[in-house]
Amino acid sequence: PFFVQQFRLLDTLSLHAGQPSLPVVAMYEQISSVPAVKMEALGRKVTKSMGARITFPVKTSANTLRWATRYQARFQKVGVADVVNQWEHLELAVLDPIESDRASVLIREEDGLELGSSYTFQVRLGDPCRIGPWSQSSRPLLFAVTPPEPHRTAGIKIDAGDVQVDLSWPPFTLIPSLVASMPGFAEMPIEYTVIVRGGAHDEIVSTIVTRSTSIVVRPLTPATSYSASVAARWARFGDASHTHDGQLQAAFLTAPSSKRLVAELSKGFSNAEAGGAGPEASPVLGRSVLPQLVPMPPPRFTARDPLTYGRIATQEPPASARTSSYPRRPRPPVAPQQ
């Protein structure tokens, strides 16, 4: 017969009535529109956890929701094939006093929400004695935080050796809209996930997670092609972005090994000594490693000092020079004196 009513006791003899009771709601109405849901960061200075804030109107035709003191919420994952109508119900909780035409409740990450999943929510209001019907389902909410993104002109700096490579990149930038709505993320550290692929099947060779903007990847195979990708994520929330716009990519080639180069040189010498056609073409360098070598005779040394070569010819040469292996010009015969 009524939606909301107050009662008080009456003394029929004296016609005196007592104090009115608290408002009694016979039946709570359904929330009139679809609840709105958004992400909310929890923490004073640095974000420590995430939650979903559900906002809904309390104005109805009989105005019963204004007197609600309790609420109950439930949620379920969407976009999962093996999950069908499996709602996660929360306990009945105290509702903050309603002072306007809209009210809101908070579902925390600790209540069972998982980062990276999409959810839809429903709410109903009531009191300790009775509870109203469930509201309509909210629009799906992706319970995740947008990861940092690289600058449009940024790239990976590569310094490749034979068995290792040095990778460095500029820090990723913060999303302005995210920092404006959740200022705590301005102090949140960023983690970088570096993936190096190589080989004939483009397999993952190394995966490194670091907070630095430069790393060294080893060991690698000399003279081999590799590709590297760098993606960022918040140190506490969510996965790194693996989209083309959310990561840096680069390809590089490792240098030939020094040991392999020595082996190529030794092979060339062996072929030349064996009387072959000279050193073979190196598959590493793509050309002949060494030119054709021609044997040279050993130098012949003399005791003649080149600095004193222009001295007076009448000077007697040293004894070592007289015994030199060079042939001496014979002297002309001297006529006998009469």
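The values are calculated or read from the model by the stated rules, or taken from the named source; none is laboratory data. Since the structure is predicted, the reported quantities are computational estimates derived from the model, not experimental observations. Positions of Cβ are backbone-derived with ideal geometry, glycine not excepted, and every protein chain shown enters the neighbour counts. Note: areas computed on protein heavy atoms with side chains; ligands, DNA, RNA excluded. Shrake-Rupley method; radii C 1.70, N 1.55, O 1.52, S 1.80 Å.
A few comments on the model shown:
- Residue match in region 34-47 (condition: surrounded by 14 or more Cβ atoms within 10 Å (Cβ to Cβ) and of a type in the set (D, E, K, R)): yes
- Number of residues in region 36-58 that are outside any strand (DSSP E or B) and out of contact with any Leu (no Cβ under 7 Å at 6 or more places or on another chain) equals 5.
- Residues of region 112-151 satisfying the condition of being touching a Gly at 6+ places or on another chain (Cβ under 8 Å) and under 15 Å from residue 72 (Cα atoms): 124, 125, 126, 132
- From the list 110, 99, 114, 91, the one residue that fits, being under 28 Å from residue 179 (Cα atoms), in a loop (DSSP other than H, G, I, E, B) and open to solvent by 70 Å² or more (accessible area, probe 1.4 Å), is 114.
- Which listed residue, of 14, 61, 33, 21, is free of Cβ contacts under 8 Å to residues at least 12 places away in the same chain and in a loop (DSSP other than H, G, I, E, B): 14
Here is a yes/no grid of residues against (1) in contact (Cβ under 8 Å) with a residue 24 or more places away in the chain; (2) outside any strand (DSSP E or B); (3) within 12 Å of the chain's Cα centre (by Cα):
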site: 167; (1), (2), (3): yes, no, no
site: 171; (1), (2), (3): yes, yes, yes
site: 179; (1), (2), (3): no, yes, no
site: 184; (1), (2), (3): yes, yes, no
site: 194; (1), (2), (3): yes, no, yes
site: 201; (1), (2), (3): no, yes, no
site: 205; (1), (2), (3): no, no, no
site: 208; (1), (2), (3): no, no, yes
site: 212; (1), (2), (3): no, yes, yes
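- Within the set 196, 145, 165, 179, the sole residue that is open to solvent by less than 20 Å² (accessible area, probe 1.4 Å), touching a helix residue (DSSP H, G or I) at 6+ places or on another chain (Cβ under 8 Å) and more than 30 Å from residue 64 (Cβ to Cβ) turns out to be 145.
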